[in-house]
Amino acid sequence: LGACRAMAVIHDMVVGMNKGHKVTKNPQKPRHSRRRGRLTKKTKFVRDLVREVCGFAPYERRCIELLRIGKDKRALRFCKKRLGSHIRAKRKREEMQAAIQAQRK
């Protein structure tokens, strides 16, 4: 028994937070899926140009009118009905409010 104890190897912890075989991290390139959907300079430019040329859609104009007379909740409900989702409707309402602010300047 004494010989076994003497041969016990001093090594890293077997249990706990830092357990396991120590290895060096392998740095990996971030996945493309992490970047998808992010607004680029080119996309922003194109969208702004299209907005300038084409103007607003009829439902967007109606939403702006609702916001102008102070019916924010009605505008949200209207956008939600047209766009099909609460989060998209909130984003659209914010966009329309920003457009009103830009027109006032």
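A few points about this structure:
- Percent RCO, i.e. relative contact order, over the chain, from Cα pairs under 8 Å lying at least 6 residues apart: 14 percent
- Its Cα centre serving as origin, the chain has a Cβ charge dipole (Lys and Arg +1, Asp and Glu -1) of approximately 460 debye.
- Distant alpha-carbon pairs in the chain (separation over 15 angstrom), percent: 77 percent
- Over region 33-93, the Kirkwood radius and the radius of gyration, each from Cα atoms, give a ratio Rg/Rh of 1.06.
- Charge dipole of the chain about the Cα centre (unit charges at C-beta), most positive-ward option of GLY70, ASN18, HIS32: GLY70
- Taking every lysine pair in the chain that is 8 or more places apart or spans two chains, those with Cα atoms closer than 18 Å amount to 12.
- Using a probe of 1.4 angstrom and keeping all protein chains present, the accessible surface of the chain works out to 97 square angstrom per residue.
- Pairwise Cα separations in region 62-103 fall into 10 Å bins from 0 onward with the following percentages, short to long: 35, 57, 8.
- FRET efficiency for VAL50 and LYS81, using Cβ-Cβ distance with R0 set to 25 Å, rounded to 0.05: 0.55
- About its Cα centre, region 14-74 has a charge dipole of approximately 420 debye under the convention of +1 per Lys or Arg Cβ and -1 per Asp or Glu Cβ, with nothing else charged.
- Taking the 1.4 Å solvent-accessible surface of the chain as the whole, the part contributed by carbon and sulfur is 55%.
The values are calculated or read from the model by the stated rules, or taken from the named source; none is laboratory data. Source: prediction; values computed, not measured. Note: ideal-geometry Cβ built from the backbone for every residue, glycine included; neighbour counts use all protein chains shown. Ligands, DNA and RNA are excluded from the accessible area calculation, which covers all protein heavy atoms including side chains. Shrake-Rupley method; radii C 1.70, N 1.55, O 1.52, S 1.80 Å.
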